[in-house]
Structures are given as structure tokens and as C-alpha cells.
Amino acid sequence: MRNGPRASVLAAALCLLSIGSAGAQQAGAANVQPRVSVAGKKAELSQWVRAESPRFVVYSDAGEDDVALLLDNLEKLDHLLRIYTLPSGEVARPQPRMTLYFHNSATDLREVADSPPADAVGLYSSCAAGVQGFGVHLERIPSLVDGQLDKAPLNETLSYVFEAYARQFLYRHTDIRTPASFIDGFAQYFSSVRFSDRQMVVGRVPKGVGGYLRFIGDGRRYSLDYDDVLEGRLADARSYAGAAGVRLEFEAKSWLLTHYMLSSEENRKRLDRYLVLVGRGVAPTPAFERAFGLKKADISTVMWRYGLKGMAALRVEAPSFPAGRVNIRSLPVAAGKFVLANAALKACPSRSTGEALLKQLAVLAPQFPNEDLARLTLSRAQIDWGNPQDALPQLAAVLQDDDAHFEARYLAGVAHLRLAERNPGDAGRAHLQAAQRHLERAREVNPQSWEAAFAAFKAEVAATDEPRKAALDGVITAWQAARDVDALGGSAALASAYTGQADEAHRTLGSLAQNERDEVTAQWAKQWQGRLETGVTRWDILAEMRRSPAPDVAVKAWTIDKERVMQAVERGYGLESADNVIREAARLNDAATGNEGAPGAARR
């Protein structure tokens, strides 16, 4: 109920983007192309590279040129979204880099997630172990000049990576969790933004979205009314291509709604009010009616007319993007063997998958005793799915070589924390003290790490009845940098309540309660909203902070190849049409021969 202001800030910021050049900063000079450095001897290298830019770390087995162009474009998109979502006058805090995996083949997605959906080309996985993005290299990424921005075919690789990142950006940096139609519409809207050195074009029609809207515009059966789209009612809808076709229609109509809401100054003001109303708990359709002055029955007609008149793309002078250096380092052959296993472990796999990974790594890792990634990946598997004690010697070996090795420090702290949970009495207290030492050092090495702040908070509340302010403030600050981790958000809400920051606690709980992607946490947040309203003691809050949560299940947001789904929709329509022709021909034949309705006549 207290998250309306942030929705208002986002809406107002988006207004600036859509107005055009008046709302963007004039670029003083052409954006500097990324400077690339490549290290390593080819004879000793794997096909995997690690690339770093100011906001991202990318692991990829695609070509280095495409990795550099991907990062250049992602840095521009991230900078753009930050400009238009950062409240006026607020200074951006240092934040951890987002880790992405850029695969040369979509089949690699099966290595990092259980049962990916058909036609998956991207994934964001969020859980207490980490937040990671996965994209697929579908075609070469072009470098565009000004005149190509609104004319060149939309590159599929960029479109799907942009869609996924824009969606995750909302979850990571804002409190907006509903309506799903706006979140998806926002993702589709920014999937087609394209950058040159000096300009950008926003508002182009994404290929799959445009194809579907033309398809139903030609009189084919549709699956969802706009009321269904606003309310996110997809479960009972039917499509020529099943659930995937319904989802495509939802995304297409969500894009059209968002484009409409950003299409004029008046509509942008209405969008502001709409998001505030939904943030206060008003259902999306009534909120849309109130904000835009439309009746539910008229929304489809208004959207149809808006689509008919054409949706103009806007060309604006680009903001002054900071020139960022991209460093690309080829990974050794040994390290390359552990990239996907490490990613899979950070995605909070199912128990069966986690235990299978541990079994595989226990055989593979000892073959590379001097490879840090091998030791770290096996250690993570042992901590999560085996005996954390087994991980400590390997982590100690890494730390003996590099005392400031962040991941080894962090994992050592988590290993001792898990051992403290399993060992009561003096042994447990000794493990807690060791966990606190390692995690404090890890936070010194990497102050932006939300994972280390979260683990340090857990160690602190387990070790003392009077948690230190630094640990409580640390988990609150960590949540502000990683709002897409619900377990972190729950701890931040409790820490805020414990320290007397009631408004912050309510705002955090309100965001979690509206998150349809994690129903368990949403229900917990609603319960704690009620408890805080009726009154709880600090001991109650401390007990909840100490409580062992349910097994952490990753929230997985998949990106689907819309072109493939569109092909399935067209095939389904063709088969249904052919079946109708056959049935009608049979009916006419039966009528001509006097057999219509006779016993044995075909019935469908």
C-alpha cells in the first residue's frame, strides 16, 4: 500500500523518454566503441570467454566481436533505463554487476535449468544463490548508423536479450510487481529500441508482436479480451497454438497497451495515475478505467483504432552514454569445463539435479586440482547438496594463494554457516564465528555483493540476541540493489521493522505481496503486513529473521522465440481451416445423397 510513489516516479520518468529529444540529454560526442583486450594462449584456451563491462559480466562461447557488441548495446540500454527510472536528484549507488551467459546454442539452456519450455531463447533465474541471465546468439549483431535505426530489420539476438533484460530491470530496480501486462508491455516496448553512437529509436513494432497483431487483425479468432490482458487471466484461454499462442497474444496486446499509454502527454499522465492506483491495491481493469476514462467494454475498440492509425517510432538524440571498456579474457580449457555447472548451481536447481551435479563434479573436479573454478564449483555443490565440511579444505587452498579471493571467502562463510545450523552447542558457535570472519572479509573485498550481505545478516542474527546495526543496514541496502531476490526482500523487510523503519518495512512487504511470480513469498508478506499492523515485539521479529526458510526455489522468467510460436499459430490455423473445409464438404455430400444425420454419419 505504500509503494505508490515509486510507481509514480517510474511513470513520470518514462514520460520523459517518450516525449522525444526534449526529454533526453544531447550527446556531446559519438559514443566510444568498446575497447577489447584478449588474454591467453590459443593452445591452452577453451571456447568460453569471460567479458567484463561496467555493469555486466558475460560468459560466452559465441564470437568475441558479437560479445563486445552485445555488451556495448546492453550498457546503453541499462544507462537509458537508469536515467528514466532514477528519482530526480537521487545519486545512483554502486551496484553489483549482472552476470549473463551468452550461448552459441539454445540447447545449452538445458544444462542450466530443469525442463526448459519449447522454443526458449532466454532465461533470468533469481534466488538466494544468485541472479543470472541467459541469452542465445541467434544471428550476428550489427553496428548501426543513424539512418538504419528505424529501417534495418530488428536483430533477433538483441530483441530477445533486450526484452529479457528490460523485464528483469523492473524487478531489480523498482517496486512494480503488477500488473503483469505493464511489465510485459514494458519489456516488449524496449526490446525494439536501437542505438547508434548519437541517436536512438524507440517504439518500433517487435517482429513477433507485429506478426500476431496483423494475424488477428485479419479476422482470425483471438484468445483474450483486453480485460483478460489487464487482469492477467490466461489460464482458460484457447489458441491455435495452445498455451504458447495464448502467451504470445498476451505479450502482443500488452505491448499495444503500453505503446498507447506512452503515446501522448495526456496518456503519460494517465499512466502515472494508473500505476499509482494499482500500487495501492486497485485491480488493474478498474484502475485503467479510472485513469484513462474508459469503460471496460470500450477498451478493445480503442486499442483496435489505435492500432489502425499506426504506431509511430520516435527518433531522439541519445543520452550521453559513458564510454565503457570491455575486457575479454579467454578461459583456460580446464575452466571452460565448469562454466555451465557453476551457472546451474547458482540457479537453485531441484534436489535431484543438485545431487546429480555434485556426483558429476566429484569425479571431474579432481582431474584439475590447480583450477580455481573447478575447486569453487565443487565446493558450491558440496555446500548446497552434500557435506559443507568437505568444501573447506579446497576453499582454504584457494585462499592460501589469494587471501582476497571474494568467492572463496564468501563460500567459506556460507559453509561455516551451514555447519553451524547442523551442529549445536560450542561447535555451532565456533562455526558461526568463523562464518562471520569470512563474510566480513568478503564484504571488505566486494562491498557491492548482496549475496555476502545476505549471508552476513543470517550469521549475525543467528549469533546474537542484539544484531549489530551494520548487519541490519547491510541487508536493507543489499535489497535496494537487488530487488529481484524475494528471500533477500523478506529479510530486508524484517530488518527495517526491527530497526523501527515502519514505512520502509511496509513498502518492501507491499512489493513482495504483489509479486505473482512467487506465491509463497507473497502470502508470507501479506501475513506479515497484518502482523505489523496489529503489533509485534522485536523478539517476534528476531525469531522470524532466524527462522529457516522453506527450500529456496528460483523464480525463472523465460523468453520465448516469438517467430517460432507465430509459425505454430499459423500452422494451427491452417490445420483448423482445412479440417473445417473437410467437415463442410462431408456435410454437403451427405446432404446431397440424403445421408445427413443418418446413423454412422461423421460427427465432430
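The values are calculated or read from the model by the stated rules, or taken from the named source; none is laboratory data. These figures come from a predicted structure and were not determined experimentally. Every residue, glycine as well, gets a Cβ built from its backbone with ideal geometry; the counts of neighbours run over all protein chains shown. Note: accessible area is taken over every heavy atom of the protein model, side chains too, but ligands, DNA and RNA are not part of it. Shrake-Rupley method; radii C 1.70, N 1.55, O 1.52, S 1.80 Å.
Computed quantities for the displayed model
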{"item": "Anchor Lys526: aspartates and glutamates whose Cα lies under 13 Å away (excluding residues fewer than 8 positions away in-chain)", "result": "Glu516, Asp518"}
{"item": "Residue-averaged [θ]222 nm for the chain, counting only DSSP H segments that reach four residues, each worth -39500 (n - 2.57)", "result": "-18000 deg cm²/dmol"}
{"item": "Distance between the range 279-338 and the range 456-484 - C-alpha centres, whole angstrom", "result": "33"}
{"item": "Residues of the range 247-305: accessible area per residue with a 1.4 Å probe, Å²", "result": "42"}
{"item": "Cross-link pairs beyond the 21 Å C-alpha cut-off, checked among Lys269/Lys295; Lys296/Lys556; Lys151/Lys207; Lys253/Lys296; Lys346/Lys458", "result": "Lys296/Lys556"}
{"item": "Eligible aspartates and glutamates near Lys76 by straight Cα distance, threshold 16 Å, same-chain separation 8 or greater", "result": "Glu52, Asp66, Asp146, Glu163, Asp197, Glu317"}
{"item": "Apportionment of accessible area to carbon and sulfur, the range 201-346, percent (1.4 Å)", "result": "49"}
{"item": "The range 428-561 - percent of accessible surface contributed by carbon and sulfur, probe 1.4 Å", "result": "50"}
{"item": "Global form of the range 156-309, assessed from the alpha-carbon gyration tensor, a/c cut-off 1.5", "result": "rounded"}
{"item": "Listed peptides 96-106, 358-368 by packing density, highest first (mean Cβ within 10 Å)", "result": "96-106, 358-368"}
{"item": "Surface accessible to a 1.4 Å probe, per residue, for the residues of the range 42-172, Å²", "result": "38"}
{"item": "The range 45-198: relative contact order as a whole-number percent, Cα under 8 Å and 6+ apart", "result": "20"}
{"item": "Packing-based ranking, highest mean first, of 177-184, 441-448 given that Cβ atoms within 10 Å are counted", "result": "177-184, 441-448"}
{"item": "The range 392-544 - accessible surface per residue (Å², probe 1.4 Å)", "result": "43"}
{"item": "Convex hull volume per residue for the chain, taking Cα atoms only, in Å³", "result": "196"}
{"item": "Protection-proxy order for peptides 580-588, 388-396, 291-299, 109-117, each taking the mean of Cβ atoms within 10 Å per residue, highest first", "result": "388-396, 109-117, 291-299, 580-588"}
{"item": "Whole-number percent relative contact order across the chain, with pairs defined as alpha carbons under 8 Å at least 6 apart", "result": "21"}
